[in-house]
Amino acid sequence: MMSNEMKELCAFVLQTAKQAGADDCKVSYAKRRFVEVQYREHKPEIVKEAATQRMSINIFIHGRYAGQSTSDVRKDALKLFIAHAIEAAKILEKDPYRSLPDPQYYTGRQEIALQLMDPDYQKRTPELRHSMAKELEESCLEAGGEKAISVTADVYDDFREETILTSNGFEGETQSTTCYASAKMTAQDKGNRRPMGYYYAMARALKKLPSCDEIGKKAAERTMELMGAKKIATEALPIIIENRCVVRVLYGFLSAMNGRALQQKRSFLLGKKGKKIGSDIFTLIDNPHIVGALGSRLYDGDGFATQKRAMVEKGMLKEYYIGWYRSRKLGVEPTTGDISNLILPPGKRSLAEIMKDLGRGILINGFIGGNFNSNTGVFSIGITGTLFEGGKRTQAIAEMNIADNHLEFWNKLVEAANDPWTYSRLQMPSLVFEDIVVSGV
């Protein structure tokens, strides 16, 4: 049920804006409460709690557009805020492409209970958060043993609710929760090296997180994997990018699918729709209707009713991410302006099975720095990871680099593991690429 208080205030803003001369208006009213507890050296280092609210309006008047927001939602203050927003819009240049979306795109909204709210949210007490942070730290310290120099444990959760109305008939309401737990460990290596590793998980509901003990132990385990890391000679090898790290490379590709990059001709994917740009393994499904997932939604930022889409299918580019405004500038049909849940279908084999069969290769477990050219698709990025042979990890590596072009890189994707990383909107499995030049000494 839409909050009556929030809906009534949005309706008041819409009416006031229209009476003040706006041709059209979009209003969103959002509230958020978050709590963070961080432990270090067996005591709280950060304890933070805040509640915020924001009223945002988009004004369309005489072919002009302005967007503004305020945290003061008293009606008298809102009247003044709206008047200022309209006056600001009047002095801006006309933009014939700015308008509210055609209401036809609002229709067809699915009736799915997405379960974005943790039913046990009210049970998240201060005592629970502190006990979680303590357990994270203690399990990480215990697993790290004498090599552990320090551990930082972090627990975070929030509650959000938002109501949106437009003057051309859109109504939307969302209530959601997220929770997050992480541990970060610094270890003493040879000489002055102090590698730092971490592990984390995020979900809509607390019950969907791994235990704090597991997160803490994995943070220690991942830090220990970095011990003794060094460069190796440059060579072409199979590489595996670990599931949680795939997004770091994939974002470069996804940014070129965005309507803004396409309209401004800053995308290496311009003109590539319907063309093969990756191997048959490379499929990306945008699915906003996964129950309980972090990116699930029934409508997008334009108010479009969401739908499942194949963005890339067996290496062929099928769609771009194009919202209402960019679609008008490009003169094309809109899709959706941004990612919901992005799925690369997992394979059938485990990471261990794949490593055993690959022979010699590198398992990449982290990226450092890097640069990317959105016009050409060329990228270069530092890596950390582990050299393996016959399924056994033989040497931690660091200070190395991979460089490629997205238009060639995704053609080298030969297998996906069966381990999708579900603690993100981008649920990627570990991915295997062949013949990648890894640069070292």
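The values are calculated or read from the model by the stated rules, or taken from the named source; none is laboratory data. Computed from a predicted model, the values in this text were never measured in an experiment. Here Cβ is always computed from backbone atoms with ideal geometry, including for glycine, and neighbour counts include all displayed protein chains. These accessible areas exclude ligands, DNA and RNA; they are computed on the full protein's heavy atoms, side chains included. Shrake-Rupley method; radii C 1.70, N 1.55, O 1.52, S 1.80 Å.
A few points about this structure:
- Think of it as helices only: each DSSP H run of n ≥ 4 in the chain is worth -39500 (n - 2.57), and spread over all residues that comes to -6500 deg cm²/dmol at 222 nm.
- Global form of the stretch 164-284, assessed from the alpha-carbon gyration tensor, a/c cut-off 1.5: oblate
- Spatial offset of the stretch 334-383 relative to the stretch 193-248 amounts to 14 Å, using the alpha carbon center of each.
- Shape of the chain, Cα gyration tensor, a/c cut at 1.5: oblate
- Karplus 3J(HN,Hα) series, Hz, for the stretch 101-110 with 6.51 cos²θ - 1.76 cosθ + 1.60 (x for Gly, Pro): x, 4, x, 4, 7, 7, 7, x, 5, 5
- Cα gyration tensor category, rounded, prolate or oblate, for the stretch 346-413 with a/c compared to 1.5: oblate
- LYS348/ILE91 FRET efficiency (R0 41 Å; Cβ-Cβ; nearest 0.05): 0.10
- Of all the options GLN122, GLN427, GLN263, the one that moves most in a Gaussian network model of the chain with Cα springs shorter than 10 angstrom is GLN122.
- Between VAL151, VAL35, VAL332, the GNM of the chain built on Cα springs shorter than 10 angstrom shows VAL332 fluctuating the most.
- Taking only the Cα atoms of the stretch 92-187, the ratio Rg/Rh comes out at 1.25, with Rh defined as the Kirkwood radius.
- J(HN,Hα) series, the stretch 19-36, from Karplus relation 6.51 cos²θ - 1.76 cosθ + 1.60, nearest Hz, glycine and proline x: 5, 7, x, 5, 6, 8, 7, 10, 10, 10, 10, 10, 10, 8, 10, 9, 9, 10
- Using R0 = 56 Å, the C-beta based FRET efficiency linking LYS75 and ARG194 works out to 0.50.
- Using the Karplus relation 6.51 cos²θ - 1.76 cosθ + 1.60 with θ = phi - 60°, the per-residue 3J(HN,Hα) values for the stretch 293-298 come to 7, 5, x, 6, 6, 9 Hz, with x marking Gly and Pro.
- Extending 7 Å from the Cα toward the beta-carbon at both SER131 and ILE46 defines two label points whose distance is 2.4 nm.
- Measuring with a 1.4 angstrom probe and ignoring ligands and nucleic acids, ASP435 comes out at about 100 Å² accessible.
- Point-to-point label distance, PHE12-HIS62, nm (Cα→Cβ direction, 7 Å offset): 2.9 nm
- Equivalent ellipsoid of the stretch 227-322: semi-axes from √(5λ) of the C-alpha gyration tensor, largest first, are 29, 19, 14 Å.
- Solvent exposure of the chain as accessible area per residue, Å², 1.4 Å probe: 47 Å²
- Just the protein heavy atoms count here, and of the accessible area of the chain at 1.4 Å, carbon and sulfur take up 49 percent.
- P(r) tail for the stretch 295-441: Cα pairs beyond 26 Å make up 38% of the total.
- For the chain, built as a Gaussian network whose Cα springs stay under 10 Å, the top-fluctuating residue of ASP213, ASP76, ASP302: ASP76
- Cleavage-rule hits (GluC sites (Glu not before Pro)) in the stretch 27-134: DSSP loop, at most 15 neighbouring Cβ within 10 angstrom: GLU41, GLU93, GLU111
- One equal scatterer on each Cα of the stretch 274-376, no solvent, Debye formula: the resulting log10 I(q)/I(0) at q = 0.14, 0.21 Å⁻¹ is -0.78, -1.22.
- Compared with the dominant principal axis of the Cα atoms in the chain, helix 246-255 is inclined by about 40°.
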